[in-house]
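The values are calculated or read from the model by the stated rules, or taken from the named source; none is laboratory data. For clarity, every value in this text was computed on a predicted model and none was experimentally measured. Every residue, glycine among them, receives a Cβ derived from its backbone with ideal geometry; neighbour counts consider all protein chains shown. Keep in mind that these areas ignore ligands, DNA and RNA; they rest on the heavy atoms of the full protein, side chains included. Shrake-Rupley method; radii C 1.70, N 1.55, O 1.52, S 1.80 Å.
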Amino acid sequence: MNAEINKPEPFDAVVVPDGVPKVEITVDKKIPNAVTVKIEREDHTIANLLRMQLLLDPSVTFAGYTQPHPLKHHVLLRVQVAGSPDAMADDDSSSSPVEAVERALKDLSSEMSLLGEHLEAALQGRKGAGAYP
């Protein structure tokens, strides 16, 4: 008997199948100003980063995520922003949940770029001092 019959293929966790969108956004019909963002082939790493960055946004009233099952290779990120849907259309200071996610992604990208620059500078400094081969 082959013990690996039920073993999932490793690439299933990272390769998005043909015809499946990487990101799918669904408007929540029960909760005002809320969306659920399904991100395919991602896990707690990106979901928690996004959640934490979203919670820094003053317009975000809720940000949370779930990974439905360890063998389901997607996360569900739920985001809700303050304000009424009508107020969001009239007031430029409000934002939609999708705009909040876009800002969070942009902020995270900037932070990762800055971290990369600092890491490169630190490694170059250590390399010059003979600490690394």
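Listing for the model above:
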read-out	value
Gap separating the Cα centres of the range 7-29 and the range 37-60, nearest whole Å	16
Ordering of 105-118, 62-75, 37-50 by packing [mean C-beta count within 10 Å, highest first]	37-50, 62-75, 105-118
Volume per residue of the C-alpha convex hull in the range 12-56, rounded to whole Å³	86
Net charge over other residues, Cβ less than 14 angstrom from the Cβ of ARG78 (K, R count +1; D, E count -1)	+2
Derived scalar couplings ³J(HN,Hα) [the range 110-120; Karplus, 6.51 cos²θ - 1.76 cosθ + 1.60; whole Hz; x for Gly, Pro]	5, 5, 5, 5, 5, 4, x, 5, 5, 5, 4
Percent carbon-and-sulfur accessible area, the range 1-45, ignoring ligands, DNA and RNA, probe 1.4 Å	58
Around PRO21: net Lys/Arg minus Asp/Glu count, Cβ-Cβ under 9 Å	0
Using θ = phi - 60° and Karplus 6.51 cos²θ - 1.76 cosθ + 1.60, couplings along the range 18-33 (whole Hz; Gly, Pro as x)	4, x, 9, x, 5, 10, 10, 10, 10, 6, 6, 7, 9, 10, x, 6
Distant-in-sequence amide H partners of TYR65 (H built 1.01 Å from N, under 5 Å)	ARG78
